[in-house]
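Scroll down for the structure; my scribbles are underneath it.
What follows draws every value from the coordinates through simple rules; no lab data is involved. On a predicted model such as this, the values are computed, not experimentally measured, just so you know. No Cβ is skipped: glycine too gets one built from the backbone with ideal geometry, and neighbour counts run over all protein chains shown.
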Amino acid sequence: MKRFPDIIRDNLDEWVWVFKNNEVPDEFTAPGIHALKEKFDYLKMNEAERRRFEAHVDHTRSEWGTITHASRATE
């Protein structure tokens, strides 16, 4: 990857830069790149942070399930 310069001109350059540096700057706009940012952020978490994050996601899913069920029950 060293032969690729750190010059960003287009979406492909953004992807190359990301894989070269293992991070996604907020200003990058290439299609799909922000999904990779979320994955990188997750992988950088330690075990305790991952457990808290997963608990938060589970709670949010449960809340949405409750809302969905309640809205169907009122139809």
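Short to long, the 5 Å bins of the Cα pair-distance histogram for the chain hold 3, 13, 17, 13, 12, 11, 10, 9, 5, 3, 2, 1, 0 percent of all pairs. Relative to the longest principal axis of the Cα atoms of the chain, the long axis of helix 11-21 lies at roughly 90 degrees. A Cβ-based charge dipole, computed about the Cα centre of the stretch 1-44 with Lys and Arg at +1 and Asp and Glu at -1, lands at about 280 debye. Alpha-carbon geometry of the stretch 1-44: the Rg and the Dmax are 10.2, 29 Å, given in that order. Helix 47-73 axis versus longest C-alpha principal axis of the chain: approximately 50°, rounded to the nearest ten.
Angle, helix 33-43 long axis vs. longest principal axis of the chain, Cα atoms, 0 to 90°, nearest 10? Value to nearest ten degrees: 80. Taking 0.36 nm per residue of separation and subtracting the current Cα-Cα distance, fully stretching the chain between Phe4 and Glu38 would add 9.8 nm. Checking the cross-link filter: which aspartates and glutamates have an alpha carbon closer than 20 Å to that of Lys37, excluding same-chain neighbours under 8 positions apart? Partners within reach: Asp6, Asp10, Asp13, Glu14, Glu23, Asp26, Glu27, Glu47, Glu49, Glu54. Over the chain, Cα pairs under 8 Å with separation of 6+ residues give a relative contact order of 18 percent.
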